[in-house]
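Presented below is the structure to which this report refers.
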Amino acid sequence: MKASVNADECTGCELCTQTCPEIFEMDGDIAVCKDGEVSAELEETCRQAAEECPVECIIIDD
Ligand code: SF4
């Protein structure tokens, strides 16, 4: 599974970095993926972060 953040839409609310800090981190005012490839054990938490993103700008690619 891969994950990425649409930088044009991210508002920098930091929610994903709190929900899934193993994958998401802040880069200035926006969140970025530390590693685009999500390991199996982090998939569920990463999906949760994507579902909870207020502007739905986390892209999951199965
Ligand atoms: S939850 Fe969404 S809007 Fe908030 S920082 Fe993460 S990617 Fe950006």
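A short reminder: the numbers here are calculations on the coordinates, not readings from a lab. Predicted, not measured: the structure shown is a model, and the values here were computed from it. Note: ideal-geometry Cβ built from the backbone for every residue, glycine included; neighbour counts use all protein chains shown.
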**Study point:** Formal net charge of residues neighbouring Lys34 (Cβ-Cβ distance under 9 Å; K, R +1; D, E -1)
**Key:** -3
Study note, to complete from the structure: Place a point 7 Å from the Cα of Asp62 in the direction of its beta carbon; the residues of the stretch 25-51 whose amide N falls under 18 Å from it are 37-51
Check your understanding: Could you give the dipole magnitude of the chain about its Cα centre, charging the beta-carbon of Lys and Arg +1 and that of Asp and Glu -1, in debye to the nearest 20?
Key -> 40
Check your understanding: What is the set of long-range amide H partners of Val38 at a cut-off below 5 Å, with H atoms built 1.01 Å from backbone N?
Key -> Lys2, Ala3
**Study point:** Theoretical gain in end-to-end length, Glu37 to Glu52 [0.36 nm per residue, Cα-Cα removed]
**Key:** 3.4 nm
**Study point:** Over the chain: helical MRE at 222 nm, DSSP H runs n ≥ 4 each giving -39500 (n - 2.57), nearest 500
**Key:** -6500 deg cm²/dmol
Practice item. Taking every Cα atom in the chain, find the radius of gyration and the maximum pairwise distance Dmax, and write them in Å. Key: 10.0, 28
Practice item. Please give the helix 43-52 orientation as an angle from the longest Cα principal axis of the chain, in degrees from 0 to 90, rounded to the nearest 10. Key: 30
